[in-house]
1. Taking every DSSP beta bridge with both residues inside the chain, roughly what % is antiparallel (nearest 5)?
2. Sum up the charges of everything whose Cβ sits under 15 Å from the Cβ of R10, counting Lys and Arg as +1 and Asp and Glu as -1, but leave R10 out.
3. Could you tell me the accessible area of R360 in Å² (1.4 Å probe, neighbours in place), rounded to the nearest ten?
4. Rounded to the nearest 10 Å², what accessible area does E340 have for a 1.4 Å probe in the complete protein model?
5. Separation of the stretch 299-372 and the stretch 241-268 by C-alpha centroid, Å?
6. For the chain, what does the helix formula give at 222 nm: sum of -39500 (n - 2.57) over DSSP H segments with n ≥ 4, over the residue count, nearest 500 deg cm²/dmol?
7. Counting only protein heavy atoms and a 1.4 Å probe, tell me what percentage of the stretch 322-371's accessible area is made up of carbon and sulfur.
8. Counting only the heavy atoms of the protein chains, how much of L212 is accessible to a 1.4 Å probe, in Å² to the nearest 10?
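The values are calculated or read from the model by the stated rules, or taken from the named source; none is laboratory data. The shown structure was predicted, so the numbers you read here are calculated from the model rather than taken from an experiment. Neighbour counts run over all protein chains shown; Cβ positions are idealised from the backbone, glycine included. Each accessible area value is taken on the protein alone, full model and side chains, heavy atoms only, with ligands, DNA and RNA left out. Shrake-Rupley method; radii C 1.70, N 1.55, O 1.52, S 1.80 Å.
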Amino acid sequence: MPETRKRPTRRSWAEPWKVKVVEPVRWTSREQRERALDDAGFNTFLMRSEDVYIDLLTDSGTSAMSDYQWAGMMLGDESYAGSRNFYHLEAAIQKYYGYRYIVPTHQGRGAEHILSRMLIKPGDFVPGNMYFTTTRLHQELAGGTFVDVVIDEAHDPRAWLPFKGNVDLNKLEALIEKVGADKIPYVSLAATVNMAGGQPVSMQNVRELRALCDRYGIRIMLDATRAVENAYFIQQRDEDYRGVPVAAILQELCSYTDGCTMSGKKDSLVNIGGWLALNDPALFDEARNMVVVYEGLHTYGGMSGRDMEAMARGIEESVQDDHIRARVGQVEYLGMNLLEWSIPIVEPIGGHAIYLDAARFYPHIPQDQFPAQTLAAELYLDSGVRSMERGVVSAGRDPATGDHRYPKLELVRLTIPRRVYTQAHMDVVAESVDAVFEEGKKTRGLRMVYEPKYLRFFQARFERL
Ligand code: PM9
């Protein structure tokens, strides 16, 4: 062996699975993409997936299921009432999340709807660590007003904090003192915080939040959609949790809360499904009654038996340390590539997505000409990569004034589905983002030509200025 032989300086990790089934994706020409974007009114939600090459619109319902989950699909008990798969799902949630009572729903917003209708009265205030689109809308439809109590740094894409999703307890206490605890049905705690870039909350923060809420007799309802990813960040970033299994961290995190809403389409590795979990038997009774009105019987809540089985098995897989490490690791891989090329992204890198800072891509485009919507369109035109606007369009209008809400963050989300794409796909994405960044100054903004009443980002249409 030559003495000068060069050796790698790193030891790489790899995904804890191998591919058994593949789904072809289609490369398109620039002309095809221009036509597709035009037909979709410059809104990536209105595109046909056939026209997309690499789909980073969302990690919601887009995961690849394992052979163990697919095997479970064959064991679906499609009885109207009392399906055995419901009991498996209930047991998995009780075991890994630790809540006592489970109400299944068709997806996360079904659970948000029931929770909001049950607990929020007109005139109430719902504090939370940054808004999420569907969550806030259900709070508003129930007559509540969402109040942002996340730490200030969460609104700054450049602030580097290990737990940038934390609740600002001073802001929360000031709100309680101002409006009174009886006007606050619960604190809406997200882990991780999607709109801030997939940023986690620390265990210490949640513990202190519990103590504060106990002093005032206020409930904490967790949005557990990506709580496993949050638990992983706690393991990685908090000395006290080094070496503690993610499953144990998740249990502890949930133990400080009174219940959760859940979109199983994310952490739980399924294409559809969700739940509402509660510890209070009286609330459970009410939710169980309500679910039959809006979702389905309390032992299916809008899901088929096979979907519930896949979710029960997905939950078990989702809390495995090697799974979650590879999942977040892939997001990190893409983000590190972009940072190396000085592309402006939200830092630190979050759990489920890379967020491009559209404000720094296009400093010449004012926010009412939709820089992030523009960037998502340009990225698609360059390479067929589909992403999602998370800026002024997503923020919607203030129900009181009717004006656009102008969020501090004007972002485009490159959301990585779980167990779907390879490192090579991530390389293609990074190179396309770089090409679009280079073209920055030449890019023009958009005008909105159609705006639906609710959650406008899903269906609004735009034209180039
Ligand atoms: N999140 C996402 O792409 C899908 C719909 S919005 C584009 O990020 C949180 C934190 C979510 C979430 C959905 C829901 C609603 C609640 N909380 O989509 O109804 O990220 O299952 O969940 C989406 P469902």
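1. Details: 26 of 41 bridges.
In the chain, approximately 65 percent of DSSP beta bridges are antiparallel ones.
2. On the way: positive: K6, R7, R11; negative: E332, E340.
Here the charged neighbours net out to +1.
3. So the heavy atoms of R360 present about 70 Å² to solvent.
4. E340 has an accessible surface of roughly 140 Å² with all protein chains in place.
5. So the separation of the two Cα centres works out to 17 Å.
6. Numbers: 16 runs with 182 residues, N = 465.
Here the helix-only value at 222 nm equals -12000 deg cm²/dmol.
7. Working: 790 of 1650 Å².
C and S fraction of accessible area: 47 percent.
8. Approximately 10 Å² of L212 is accessible to the 1.4 Å probe.
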